[in-house]
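Shown next, in structure tokens, is the structure this report addresses.
The values are calculated or read from the model by the stated rules, or taken from the named source; none is laboratory data. Note that the structure is predicted; figures quoted are calculated from it, not measured. Ideal geometry is used to build each Cβ from the backbone, glycine not excepted, and the neighbour counts take in all protein chains shown. Heavy atoms of the whole protein, side chains included, go into the accessibility calculation; ligands, DNA and RNA do not. Shrake-Rupley method; radii C 1.70, N 1.55, O 1.52, S 1.80 Å.
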There are 2 protein chains.
Amino acid sequence: MKKLLLSAAILFGTLSLQAQDSLMMRKIYDEALVNGQGYENLRYLCKKIGPRLSGSPNAQKAVEWGKKLMEDYGFDRVYLQEVMVPHWVRGAKEQGAIIDGNKKISVPICALGMSIATPAAGITANVIEVKSIKEMQDLGESVIKGKIVFFNRPFDPRYIETGQGYGAAGDQRFVGPAEAAKLGAVGAIVRSLSPALDNYPHTGGTLSEPGTKMIPAAAISTMAADKLSGMLRLRKLPLIKFWFKQSCQTLPEVKSYNVIGELTGTDYPKKVITVGGHLDSWDLAEGAHDDGTGIVQSAEALRILKALNYKPKNSVRAVFFMNEENGTRGGLKYAELAAKNKEDHIAAIETDEGGFVPRGFGFDASPEVVAKINKNWKKLFEPYEADRLVKGEGGTDIEPLKETVPNITLISFLPDSQRYFDLHHTAADVFEKVHKRELELGAAAMASLIYLIDQHGLK
Amino acid sequence: MKKLLLSAAILFGTLSLQAQDSLMMRKIYDEALVNGQGYENLRYLCKKIGPRLSGSPNAQKAVEWGKKLMEDYGFDRVYLQEVMVPHWVRGAKEQGAIIDGNKKISVPICALGMSIATPAAGITANVIEVKSIKEMQDLGESVIKGKIVFFNRPFDPRYIETGQGYGAAGDQRFVGPAEAAKLGAVGAIVRSLSPALDNYPHTGGTLSEPGTKMIPAAAISTMAADKLSGMLRLRKLPLIKFWFKQSCQTLPEVKSYNVIGELTGTDYPKKVITVGGHLDSWDLAEGAHDDGTGIVQSAEALRILKALNYKPKNSVRAVFFMNEENGTRGGLKYAELAAKNKEDHIAAIETDEGGFVPRGFGFDASPEVVAKINKNWKKLFEPYEADRLVKGEGGTDIEPLKETVPNITLISFLPDSQRYFDLHHTAADVFEKVHKRELELGAAAMASLIYLIDQHGLK
């Protein structure tokens, strides 16, 4: 009988805790959907500030805007972390063309981030199309030398999560040009990393390490890549050349900042739960989904908790990281200072996969911890359709924390992935592509997860 | 020992069956994502045919296109089911304005489907704003008589699935005008059923039964509704009037058709699994998400199965229902003929909630059956992020089957709901709002479910 009573008490205790969590989550979602401010904040960031590549005047404006936003929200602490960042500039709009005998067919290209310029007149050379770095290496220096290498392995549409397609095609952009340089290529053209067939070239970083030989490298739109490939198939090799011209350069490093807002923990102020995205964006567009949405959702998550008068036991921080796109200097600095200041980090959530409708979260944790999270919280997220709580990874900005603070759990917010790589790093990544409710649901999911971690921990 | 062996055999048998299903689903998804034809079919339906309200010449063109499409795919049987449909026409573009003393402020409106026209000069009257039919009834005939009733209860943003928000606000459009007519109102203006704040008026059917008193009824955009409401709050009642003019009318009924394509069952040709959407659309736009996507996905589901050389044991049908939007005549006819032809229907899947990224399916079945479906199939749909297999309802077109054929299970395809009611029944529901991969993932989810039902049944 005694045992039975005890079981009942545990049972009711559990129910009551779950009911309390469920009630709090409903309040969080209501606040996000009825009083959400993320969408208007994003409008400002995209339309009034716009592109904000590290080191640019716009990046500095974004820092000032972010600090003021979180000060106006009355978070307990708002501060900057100074960090030196690379300063790469694109220069004049790039030009590219397929040269077919006397015909010159213009195609949309853009320099890859951190690439070098071509000579002022551009580069003209024969084109070698390859589907992989290995194929290029098998052809060897005798074939590659003096040529423009055209990396044209398409984004595989069969991956359900497009991030996997990006990963599978990505080596062509990340290291393809550097590997081509080793074999004496004079330039590299990379098929845009996108499942969409259109005329947007997608920029993005390419390997640039001090002492490495570099060649001018550009992205070409997927439609133009198909066209070039078709022409190469039909014509004899010497007839088809490619010409491109770009004037990008790397300037001296610039002082910049991470922007941090904190709700200081009532019980454990030195224990930290971080939620963040990156404030910098590529220079071609407004950086709406990449990663304006992550910025405004991070601030919104804290705003919601504060609006509900929730006092976290642990410190909760929104971090606007600087320089994710071409250096990760902000992420490295945050991790360095976390160790230096002897902070005890419980978890860090990164939101950098777009502001689309939430699917759930990925946890860089053991299968046992992921199973426990599912057992305890999956039911809570089910009514909000954000209940994919799966084994996953963190994100570029929070990854360095793993090296500097022990026992942290890295978490990635998982929005639906279908539309992201259509826009990623292109001129199409604008405010109008973000949906108000989807953005708000994401902020609510993050605020909910922060609340649950703050209340119950992760392990 | 014998028992143990038996268990092992069952275990391995089960595993092998699941592995076989898993393999088949992977093939279905690959076919959809690599060779999908739905997107280009939808482009044709939206751009070459366009709006196709029942009874219109475009609806007839859509019938001919749909029949030819499925004939070209070489389905075993392609045929039409004749059905008489209402023929309502909008006439000249509607005009609406808030009259504030001498000022006339034009606002976006459109006639509700099946509404009657105003007199040629329009109607001008004082406005009574209400948030519910009950509020109007409580005010009573003395207040309502001679007025234009303005139904202005907003779409509640707190519902996570927007379909629930639509349901909660919908009575204002469905029966509000008819109820206002009973109290002597001279017209009705209904806030558009949308969570988005914009300037699109949303049409949609309003109650029109023979013998019922009707008054002219129009939808007003959400932004204009807020404006009108604000002005009513600020000014004294007699100063604010509303004027609107519309010339819609109901013409004699027209002969039209359901379009049906079938892969005939090898073992049970008289047992049917139906997948369908509606071919008609409202007249304001291209009917892309409502319900062009449902049409092309239904055909695509069968095309995929045929391309994989899958021979269903039961007959599988793609049905393009006619007249979902203002009469359900096609759905009624299909159900009537199913009974008359003594068909034995296993299941019917309706796709009429947009062509957005799949979330899963809703089953109009007992909790036990839904639990069994989850136990057997949830794991199979998980890798495709379409594993919300929940208790649900069928859909307007398939609902009549419940009355005429015993033991059928109705199923609704559940795409993500966030964006649907922004576009629903407006000029913004165009091809460009549909995402190729999202559409293809939906077709693959449907083909997979059909395959599983064909192999294993539902109960």
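Listed values, structure above:
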quantity	calculated
Exceeding the 23 Å Cα-Cα cut-off - candidates A:Lys61/A:Lys333; A:Lys93/A:Lys227; A:Lys48/A:Lys68; B:Lys93/B:Lys134; B:Lys27/B:Lys311; B:Lys270/B:Lys402	B:Lys93/B:Lys134
In nm, spacing of pseudo-spin labels at A:Leu234 and B:Lys104 (7 Å Cα→C-beta vector)	5.9
Ranking by accessible area, most exposed first, for B:Asp72, A:Asp21 with a 1.4 Å probe	B:Asp72, A:Asp21
The protein assembly as shown, accessible surface, carbon-and-sulfur percent (1.4 angstrom probe)	56
Rounded tilt (10° steps) of B:2-35 against the dominant C-alpha axis of chain B	50
Mean ellipticity per residue at 222 nm, deg cm²/dmol - from DSSP H runs of n ≥ 4 across chain A, formula -39500 (n - 2.57)	-11500 deg cm²/dmol
Residue-level accessible surface for A:Lys182, protein heavy atoms, 1.4 Å, Å²	130
Length-normalised contact order for the range A:360-420 - Cα pairs under 8 Å, 6+ apart - percent	46
Tail fraction, Cα-Cα pairs, the range B:203-329, threshold 27 Å, whole percent	47
Per-copy distances of the A:Val175 label point, shortest first, in nm (7 angstrom along Cα→Cβ)	6.8
Two-site FRET efficiency, B:Thr266 against B:Lys375, from Cβ-Cβ distance with R₀ of 22 Å, rounded to 0.05	0.20
Accessible surface of B:Tyr268 - all protein chains present, 1.4 Å probe, nearest 10 Å²	110
Packing-based order for A:437-449, B:41-53, B:98-110, A:152-164, using average beta carbon neighbours within 10 Å, highest first	A:437-449, B:41-53, A:152-164, B:98-110
Mean separation of Cα contacts under 8 Å, 6 or more apart, over the residue count of chain B: relative contact order %	21
Residue-span extension gain [B:Glu403 to B:Ala120] - 0.36 nm each, minus C-alpha spacing	97.5 nm
Ascending list, in nanometres, of distances separating the A:Met231 label from those of the other copies (7 Å, Cα toward Cβ)	5.8
Distance between the range A:137-170 and the range A:365-440 - C-alpha centres, whole angstrom	27
Gyration tensor (alpha-carbon) shape descriptor, the protein assembly as shown, a/c threshold 1.5	rounded
Cα centroid separation, the range A:307-335 to the range B:36-68 (Å)	51
Two-site FRET efficiency, A:Lys391 against A:Ala168, from Cβ-Cβ distance with R₀ of 22 Å, rounded to 0.05	0.70
Rg ratio (alpha-carbon, reference 2.2 N^0.38 Å) - the range B:58-124	1.92
0 to 90° range, to nearest 10: angle between helix B:329-340 axis and chain B longest Cα axis	40
For the protein assembly as shown, share of DSSP beta bridges that run antiparallel, in % to the nearest 5	55
Between 0 and 90°, nearest 10: helix B:57-72 axis offset from chain B longest Cα axis	10
Shielding by other protein chains, A:385-397, mean Cβ within 10 Å	1
Cα centroid separation - the range A:192-227 against the range B:192-246, whole Å	51
For peptides B:282-288, A:380-386, B:292-298, A:331-337, sequence by mean Cβ density within 10 Å, most packed first	B:292-298, B:282-288, A:331-337, A:380-386
Cα-Cα P(r), chain B, percent of pairs per 10 Å interval	4, 20, 28, 22, 14, 7, 3, 1, 0, 0
For the range A:95-249, alpha-carbon Rg over 2.2 N^0.38 Å	0.95
Solvent accessible area, Å² - B:Glu353, 1.4 Å probe, full protein context	70
Probe 1.4 Å, all protein chains present, accessible-area order of B:Thr274, B:Thr404, largest first	B:Thr404, B:Thr274
Inter-copy spacing of B:Thr266 label points, which lie 7 Å from Cα along Cα→Cβ, given in nm from shortest upward	6.7
